[in-house]
Amino acid sequence: MERYQGQFISDATRQFLSRSQRMLIGGEWVDAVGGERIEVIDPASGRTFAQVPAGAAADIDRAVMAARNAFEAGAWPKMRPVDRERLLLRFADLIEANAQELAEIEALDNGKPVTMARHVDVALVVDFLRYMAGWATKIEGSTMDVSVPLMRDRELFGFTRREPVGVVGAIIPWNFPLLMAAWKVAPALATGCTMVLKPAEETPLTALRFAELALEAGYPAGVLNVVTGHGHTAGAALAGHKGIEKVAFTGSTEIGKLVGKAAIDNMTRVSLELGGKSPVIVLDDADPAKAAAGAAQAIFFNQGQVCTAGSRLFIHKSRFDEVVEGLSGIASGMKLGPGIDPSTQIGPLVSAIQQRRVLGYIESGFAEGARAAAGGVAGEGDGYFVKPTVLVDTRDNMKVVREEIFGPVVVAMPYDDLDEVARRANDTPYGLAASIWSNDLARVHRLIPKIKAGTVWVNCHNILDNAMPFGGYKQSGIGREMGRAVIDMYTESKSVIMAL
Ligand code: ADP
């Protein structure tokens, strides 16, 4: 064991960090064609602690070609569904066996608390790979009795097949680097696609270790390729590449629109999981202490850098003061620190840019008349910390209420009745998620259909399950990940009609 920032890290992590990082193309670990590198910064200290290749268009070309070759020739296209299932299970076992190392790398790279990285991020990755492994043998079409008017005398037989969509380009964000990689890679591998994965430039490290474990599990060269690089170069080259059949993107709505436009130009299939400004709605029968604890978890989990973060808190006016007081107490009591410290509850934000952005939003809130019931400032030290913040005295048209902040900042607002809160909850371009806090079944059921969001939680928030489709209404995206729905996103349907 060795120390890093005064905390122990495992030998495996130390070894990973001591090597020169390369990216994976066609089964080979390579540098970028242009030779440039990206500095990887530890957000808890602001210091560079690793470097990765700055891949760009030429590297994307090589990776797409490698993925194309692997899709069309060699062992991969011949693999039976059960072989794909076994490989994914072996991959999951390897992730599990290396869970601590992956969690430590994630905590150092992203800033998130290592205990969360281990028991949420890595644990979910293992579960998801195993869940998707099961789908490999359950992809099916159907048979149809067809009735074609002009061929009355012929016997006809109709059936559908689902076939892998082809080469998939995946572009993922920095908030859950490993988990978002798994969300894209696992369905691709279950369905028989091949992939070029571009992690976010802020957090490229776990994707490299993940790909290394995929090779160790036995995936043929070129099935999974990882190109590290910037969004406007490598990301843009991948999104607009003519050699891929699908783009799977998770990130901001702004970049998602660019990716979607680039993809549609080539008619590349596209799934987009984008931003949110999710409401948390506390009804008057809710226990104020439980609602406060739930609201805290909804916004402060992962430093608020969650697309489903409960960033708009609507509390019935009869409970407003109690819930805000409870929530502010929790916010003020949270322990800030480096992610690698196991006692940390709130880590730094991912980057200096993100910290400035979030503090800028808080300042704009103050300028428009909001007040901080907790936090409202940066944390101490060199890291990119922002104190958990509860803003009150906000109005629906303020920037802090309308725009996605992607940090530990919640706006708390009172409301009078259900129709009013449904209208205000939907008064946003986003529609990713919402939560309702109440035990009044009738009112909860009445509210659920009114909320325009891909996921509605009742008495919980940020809870995902592999079997439940996940995605957004409105500007929160297109398509659904996870569950049966994701199989459709990684396959094409082929209709076959045979005249016997
Ligand atoms: P955030 O605002 O949370 O940083 P982004 O949407 O900017 O999220 O980034 C998500 C992913 O999109 C990252 O991998 C990033 O490199 C990539 N990206 C950024 N700009 C582009 C672009 N113009 N084309 C394709 N990908 C991009």
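The values are calculated or read from the model by the stated rules, or taken from the named source; none is laboratory data. Remember, it's a predicted structure, so these values are computed and weren't measured experimentally. So basically every Cβ, Gly included, is an ideal-geometry build from the backbone, and we count neighbours across all protein chains shown. Keep in mind that these areas ignore ligands, DNA and RNA; they rest on the heavy atoms of the full protein, side chains included. Shrake-Rupley method; radii C 1.70, N 1.55, O 1.52, S 1.80 Å.
Would you mind counting up the charge near ALA263? Only other residues with Cβ under 15 Å from its Cβ, with Lys and Arg at +1 and Asp and Glu at -1.
With Lys, Arg at +1 and Asp, Glu at -1, the net is +4.
Full extension from ARG371 to GLU140: what is 0.36 nm times the residue separation minus their Cα-Cα distance, to one decimal in nm? The partial results should precede the final answer.
Numbers: separation 231, 0.36 × 231 = 83.16 nm, distance 5.57 nm.
Additional length available on full extension: 77.6 nm.
Derived scalar couplings between HN and Hα for the range 413-425 equal 9, x, 9, 9, 9, 5, 4, 5, 5, 5, 5, 6, 4 Hz in order, rounded to whole Hz, by the Karplus curve 6.51 cos²θ - 1.76 cosθ + 1.60 (θ = phi - 60°), x for Gly and Pro.
Find the relative contact order for the chain and round it to a whole percent, using C-alpha pairs within less than 8 Å whose residues are 6+ positions apart.
Numbers: 1169 pairs, mean separation 86.3, N = 500.
Result for the chain is 17 percent.
Expressed as a whole percent, how much of the Cα-Cα distance distribution for the chain exceeds 36 Å? Here the tail beyond 36 Å accounts for 33 percent of pairs. Note on the range 209-304: dipole from Cβ charges, positive end direction compared against PRO288, VAL247, SER278; the farthest Cα belongs to VAL247.
For the pair the range 449-500 / the range 141-207, the C-alpha centres are spaced 13 Å from each other. The simple spin-label model puts a point 7 Å past each Cα toward its Cβ; for ALA57 and GLU254 those points are separated by 2.3 nm. How high is the relative contact order of the range 129-173, in percent, counting Cα pairs under 8 Å that sit 6 or more residues apart? Reported relative contact order: 35 percent.
How would MET116, MET23 rank on accessible area, largest to smallest, probe 1.4 Å? Kindly include the intermediate steps, with their values, before the conclusion.
Working: MET116 80, MET23 0 Å².
These residues rank, largest area first, as MET116, MET23.
Calculated FRET efficiency, GLU216 and ASN266, Cβ-Cβ r, R0 45 Å, to nearest 0.05? Mind dumping the intermediate values first?
On the way: r = 34 Å, r/R0 = 0.75.
For R0 = 45 Å, the calculated efficiency reads 0.85.
Within the straight-line cut-off of under 18 Å between alpha carbons, the lysines reachable from LYS387 are LYS112, LYS335, sequence neighbours fewer than 8 places apart in one chain being disregarded. Annotation: amide H-H contacts under 5 Å for VAL386 (H modelled 1.01 Å from N, sequence separation of 5 or more, or interchain): LEU349, GLY379. Near ALA292, once Lys and Arg are set to +1 and Asp and Glu to -1 for all other residues with Cβ below 14 Å from its Cβ, the sum equals -2.
When you filter the trypsin sites (Lys or Arg not before Pro) in the range 204-280 for DSSP loop state and at most 15 other Cβ atoms inside 10 Å of their Cβ, you are left with LYS242.
Only lysines eight or more places from LYS290 in sequence, or on another chain, were considered; those with a Cα closer than 17 Å are LYS317.
Translational diffusion of the range 8-62, estimated by Stokes-Einstein from the Kirkwood radius over alpha carbon pairs at 10 °C in a medium of 1.306 mPa s, is 126 µm² per second. Close amide-amide hydrogen proximity is noted between GLY275 and THR253, each under 5 Å apart and 5 or more residues distant or on a separate chain (H modeled in the peptide plane; Pro and chain starts excluded). Checking every one of the trypsin sites (Lys or Arg not before Pro) in the range 369-456 against DSSP loop status and a limit of 15 other Cβ atoms within 10 Å picks out ARG395.
Accessible area of ARG62 (1.4 Å probe, protein heavy atoms only, ligands and nucleic acids ignored): about 90 Å². The phi-based Karplus calculation (6.51 cos²θ - 1.76 cosθ + 1.60; θ = phi - 60°) puts the 3J(HN,Hα) values of the range 158-174 at x, 8, 10, 10, 10, 10, x, 5, x, 7, 10, x, 10, 10, 10, x, 9 Hz, whole numbers, x for Gly and Pro. Just going by the charge dipole of the chain, with Lys and Arg at +1 and Asp and Glu at -1 on Cβ, which of ALA434, ALA378, PRO338 is farthest out on the positive end? Final value for the positive-end residue is ALA434.
In percent, what relative contact order does the range 334-486 have, based on Cα pairs under 8 Å that are 6 or more apart in sequence? Kindly include the intermediate steps, with their values, before the conclusion.
Working: 245 pairs, mean separation 21.7, N = 153.
About 14 percent, as a whole number.
Sort CYS193, CYS460 from largest to smallest accessible area, using a 1.4 Å probe on the heavy atoms of the protein chains.
Working: CYS193 0, CYS460 45 Å².
Most to least solvent-accessible, the answer reads CYS460, CYS193.
Mean silhouette area of the range 190-317, derived from the convex hull of its C-alpha atoms and averaged over all directions, reads 10.8 nm². Place a point 7 Å from the Cα of ILE463 along the Cα-to-Cβ direction; which residues of the range 296-335 have their backbone N under 13 Å from it? It comes to 298, nothing else. Put a plus charge on the Cβ of each Lys and Arg, a minus charge on the Cβ of each Asp and Glu, and nothing anywhere else: the dipole of the chain about its Cα centre is then about 920 debye. Distances between placed amide hydrogens fall under 5 Å for ALA32 paired with ALA54, all partners being 5 or more residues away or on another chain.
Treat every Asp and Glu Cβ in the range 256-407 as -1 and every Lys and Arg Cβ as +1, leave all other atoms uncharged, and give the resulting dipole magnitude about the Cα centre to the nearest 20 debye. Write down the numbers at each step before the final one.
On the way: 16 positive and 17 negative charges, 94 e Å.
Its charge dipole is roughly 460 debye.
Scalar couplings 3J(HN,Hα) for the range 81-96, obtained by applying the Karplus form with A = 6.51, B = -1.76, C = 1.60 to θ = phi - 60°, are x, 5, 5, 5, 4, 4, 4, 5, 5, 5, 4, 4, 4, 5, 5, 4 Hz; x denotes Gly and Pro. In summary, the lysines within cross-link reach of LYS198, defined as a Cα separation below 17 angstrom excluding same-chain residues under 8 places away, comprise LYS184, LYS242, LYS246.
Let me spell out the model: positive unit charges on the Cβ of Lys and Arg, negative unit charges on the Cβ of Asp and Glu, origin at the Cα centre of the range 1-138. What dipole size does that give, in debye rounded to 20?
Working: 17 positive and 20 negative charges, 82 e Å.
Approximately 400 debye in magnitude.
THR228 exposes around 0 Å² of accessible area when a 1.4 Å probe is run over every protein chain in place. In this rough spin-label picture, where each label sits 7 Å from Cα along the Cβ direction, the ASP417-ASP11 distance is 6.9 nm.
VAL148 to ARG22: extension gain in nm, 0.36 nm per residue of separation minus the Cα-Cα distance?
Working: separation 126, 0.36 × 126 = 45.36 nm, distance 5.68 nm.
Going from the current span to full extension adds 39.7 nm.
Given the Cα-Cα distance of ARG80 and HIS232 and 0.36 nm per residue of separation, how much length would full extension add, in nm? Kindly include the intermediate steps, with their values, before the conclusion.
Details: separation 152, 0.36 × 152 = 54.72 nm, distance 3.79 nm.
Answer, rounded to one decimal: 50.9 nm.
Looking at ILE299, GLY347, TRP174, which one has the Cα that reaches farthest to the positive end of the dipole of the chain (charges on Cβ: Lys, Arg +1; Asp, Glu -1)? Farthest along the dipole direction, towards plus: TRP174. Electrostatic bookkeeping for ASP59 treats Lys and Arg as +1 and Asp and Glu as -1; over the other residues with beta carbon under 14 Å from its beta carbon, the sum is -1.
Using a Förster distance of 22 angstrom, determine the FRET efficiency expected from the C-beta separation of GLU325 and HIS445, and round it to 0.05. Before the final figure, lay out each step's value.
Numbers: r = 30 Å, r/R0 = 1.35.
That pair, GLU325 with HIS445, gives E of 0.15.
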